[in-house]
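Only one structure is covered here, and it is reproduced in the block below.
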Amino acid sequence: MQHPGDGGDDRAWTPGPQPPTPAKLWGGRFASGASPDAEAFTASIRFDHRLWPYDVIGSAAHCRMLARQRIISATDAGQILAGLAKVADELRDGALDLSPSWEDVHTRVEGRLREIVGEPAARLHTARSRNDQVALDLRMFARDALLDELDAVIAVERALLTLAGNHIETVMPGYTHLQRAQPVTFAHHLLAYVEMFARDAERLLDCYRRTDVMPLGSGALAGVGYAIDRDYTARLLCFSSISANSIDAVSDRDFVVEHLAALALAAAHLSRFAEELVLWSSAEFGFIDIDEAFTTGSSIMPQKKNPDVAELVRGKAGRAYGNLIAVLTVLKGLPLAYNRDLQEDKEALFDGVDTATGCLRILASTVQAMRPRTDRLATAAEADFATATDYADYLAKRGLPFREAHAVVGKLVRECETRGCALSDLSLDELRRASELFGADVVGLAARAAVANRDVPGGAAPRRVAAAHAEAEARLEWLSGEVARRRDQLLALDRLLTDPLEEP
Ligand code: ARG
């Protein structure tokens with residue numbers, strides 16, 4: 001099942017036929033009800049309406065379980081399922097009023113069901129509380145969201161791997177302290193990000209495991225007094241396991257925190273890459289051209305082509321961290337079990353999900369359309385003594401202790417600097433004046449040779465990079481398969497509204 005749309009659309013209340021007030025769902029205790037201010041303040045429907053697909057499907061599974069356990073009749077269950085299907089259609093069409101008087105998505109779905117099927121609908125909430133219901137809905141949302149995020153991470157990795165595959169031999173300067181350090185290849189640099197995103201994907205997949213736990217049956221906090229079958233409900237909803245402790249299950253939002261933590265770290269990676277795109281596309285570097293589809297102009301300077309997409313991806317890390325800190329702070333010091341504070345988990349999670357998938361998707365397209373300027377990369381790779389380490393290595397391999405070799409080449413660099421030339425401009429005689437160990441084969445040492453020298457696993461040598469590239473592609477294939485398998489399972493959940501009821 002797909003969560004609806006781009007989300008975050010805080011759908012404004014659209015006036016419609018007036019529903020019975022939600023208080024009628026459980027209004028016995030109250031004489032008049034909450035003040036309009038308190039109602040508006042506590043209502044979550046403005047944002048949690050986004051959970052409706054999960055609320056409907058979760059309710060369908062609960063209803064099927066109740067019927068199978070003979071807690072409600074098959075006739076009632078049949079009517080409830082048909083009613084839920086109708087509510088889903090109406091919600092999909094945007095035909096339902098989502099005013100704050102409905103409080104939250106759960107009351108809205110059940111309230112509408114009551115209008116459609118009447119009395120049987122009032123049996124749906126048997127052996128269920130909104131506390132385990134909201135935990136279920138949010139976990140179902142989070143499963144879908146994790147798969148969306150994984151797909152988006154995969155798209156970024158694919159784009160990087162495609163680009164890297166064309167530039168296994170393209171030399172460029174590698175940096176430390178943002179100073180040219182040693183030559184690497186463009187592919188090797190891009191594959192560094194592939195590694196980061198691969199770890200992000202691993203974290204998301206790992207988070208999926210702990211999200212994929214079914215809390216229904218925990219009731220308000222203590223479990224329920226009916227002979228329910230939690231495993232059956234879990235099977236219907238494709239959960240791998242059921243929660244072990246009812247108190248924990250209704251108050252646990254660890255799966256939200258670790259989800260947002262994984263996204264926060266992914267946002268850090270995205271931000272680092274975006275920063276490099278900004279640097280590389282500047283005139284100062286001139287390493288890449290960002291396609292104009294991912295840039296914007298200036299309102300005053302006609303010549304400008306600004307990397308705004310990359311800048312915003314860089315900037316959105318702030319939101320990602322903020323959402324994580326928000327939920328951690330909500331949880332701090334909360335007594336067990338459910339407290340209304342927990343309602344504050346949703347906007348943070350929704351925004352975290354939207355921000356991350358948005359950044360990942362736009363970055364994948366940006367990478368697909370960007371072009372490295374290989375001439376500029378090559379020139380920069382040769383400049384500023386980026387091969388100095390290789391000269392020192394040359395001497396060390398001929399027996400000079402590395403520290404001494406380092407000093408010899410350091411002096412040569414200083415000499416070149418005063419003369420305004422490169423190490424590769426030095427003749428054999430000039431080199432030999434610094435050390436007898438220099439031979440003809442080192443004269444004119446180019447960045448390409450320096451790169452080829454780094455022939456260790458994980459190193460910049462093209463043959464190693466090609467192997468790493470192949471490995472990353474295989475890993476990505478495996479990951480796509482894992483995501484697709486889970487996606488197919490979740491997409492099939494819609495059948496819970498229409499499949500015939502199982503015999504008790
Ligand atoms: N809107 C609520 C939330 O998001 C649903 C659970 C309400 N439970 C309660 N006991 N008031 O947390």
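Would you please name the residue that is nearest to the ligand (Cβ to nearest atom), looking only at residues in segment 332-345 that are part of a helix (DSSP H, G or I) and surrounded by fewer than 19 Cβ atoms within 10 Å (Cβ to Cβ)? So that I can check it myself, show each step before the final result.
Going residue by residue through segment 332-345, those that are part of a helix (DSSP H, G or I) are 340-345.
Restricting the remaining residues to those that are surrounded by fewer than 19 Cβ atoms within 10 Å (Cβ to Cβ) gives 340-341, 343-344.
Numbers: Arg340: 6, Asp341: 9, Gln343: 4, Glu344: 8 Å.
Here the residue is Gln343.
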Checklist outcome for this item: Among helices (runs of 4 or more DSSP H) entirely within segment 13-59, at least 1 residues that are at pLDDT below 95 occur in 23-26, 36-42
Item to check | Unique match (being among the polar types (S, T, N, Q) and closer than 24 Å to Leu178 by Cα) among Thr357, Thr374, Thr329 | outcome: Thr374
Item to check | Every residue from segment 40-51 that is within 13 Å of the ligand (Cβ to nearest atom) and in contact with a helix residue (DSSP H, G or I) (Cβ under 6 Å, 6 or more places away or on another chain) | outcome: Ala43, Ser44, Ile45, Phe47, Asp48, His49, Leu51
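Looking for whichever is part of a helix (DSSP H, G or I) and within 16 Å of the ligand (Cβ to nearest atom) here; the options are Ala348, Ala380. Which one fits?
Working: Ala380 fails: within 16 Å of the ligand (Cβ to nearest atom).
Every option except Ala348 fails the conditions.
The rows are residues; the columns are (1) of a type in the set (Lys, Arg); (2) closer than 30 Å to Ile242 by Cα; (3) within 16 Å of the ligand (Cβ to nearest atom); (4) touching a strand residue (DSSP E or B) at 6+ places or on another chain (Cβ under 9 Å).
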{"position": "Val153", "(1), (2), (3), (4)": "no, yes, no, no"}
{"position": "Ala159", "(1), (2), (3), (4)": "no, no, no, no"}
{"position": "Ala164", "(1), (2), (3), (4)": "no, no, no, yes"}
{"position": "Ile168", "(1), (2), (3), (4)": "no, no, no, yes"}
{"position": "Pro173", "(1), (2), (3), (4)": "no, no, no, yes"}
Next on the checklist: List the residue pairs whose Cβ atoms are under 7 Å apart, where the first residue sits in segment 364-376 and is of a type outside the set (D, E, K, R), the second is part of a loop (DSSP other than H, G, I, E, B), and the two are 6 or more positions apart or on different chains.
Outcome noted: Thr366/Ile290; Ala369/Asp291; Met370/Ile290; Met370/Asp291; Pro372/His167; Pro372/Thr170; Pro372/Phe287; Thr374/Thr170
Checklist entry - Thr387 versus (1) in contact with a Leu (Cβ under 6 Å, 6 or more places away or on another chain); (2) within 16 Å of the ligand (Cβ to nearest atom): which is the lone unmet condition? => result (2)
Checklist outcome for this item: Restricting attention to segment 119-136, the residues that are of a type in the set (Val, Ile, Thr) and away from the ligand (no atom under 16 Å from the Cβ) number exactly 1
Checklist entry - Does segment 480-491 include one or more residues that are among the β-branched types (Val, Ile, Thr), within 30 Å of Leu205 (Cβ to Cβ) and without any contact (Cβ under 8 Å) to a residue 12 or more places away in the chain? => result no
Checklist outcome for this item: Given (1) away from the ligand (no atom under 16 Å from the Cβ); (2) modelled with pLDDT of 95 or more, Arg139 misses just (1)
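Give the residues of segment 73-118 that are hydroxyl-bearing (Ser, Thr, Tyr), within 16 Å of the ligand (Cβ to nearest atom) and assigned to a helix (DSSP H, G or I), sorted by residue number. Spell out the reasoning first.
The first filter runs over segment 73-118 and keeps only residues hydroxyl-bearing (Ser, Thr, Tyr), leaving 73, 75, 99, 101, 107.
Imposing the further condition that a residue be within 16 Å of the ligand (Cβ to nearest atom) reduces the set to 99, 101, 107.
Within segment 73-118, Ser101, Thr107 qualify.
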Checklist outcome for this item: In segment 88-125, residues that are more than 32 Å from the chain's Cα centre (by Cα) and of a type in the set (S, T, N, Q) total 1
Checklist outcome for this item: Log entry, pairs with first residue in segment 243-264 being modelled with pLDDT under 95, second being basic (Lys, Arg), beta carbons closer than 9 Å, six or more apart or on different chains, reads none
Checklist outcome for this item: Flagged pairs (Cβ under 7 angstrom, 6 or more apart or on separate chains; first in segment 297-313, without any contact (Cβ under 8 Å) to a residue 60 or more places away in the chain; second β-branched (Val, Ile, Thr) and loosely packed, with under 15 Cβ neighbours inside 10 Å) are Asn306/Thr296; Asp308/Thr296
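The values are calculated or read from the model by the stated rules, or taken from the named source; none is laboratory data. From a predicted model like this one, the values you see are computed outputs, not experimental measurements. Note that we place each Cβ from the backbone using ideal geometry, even for glycine, and neighbour counts take in every protein chain shown.
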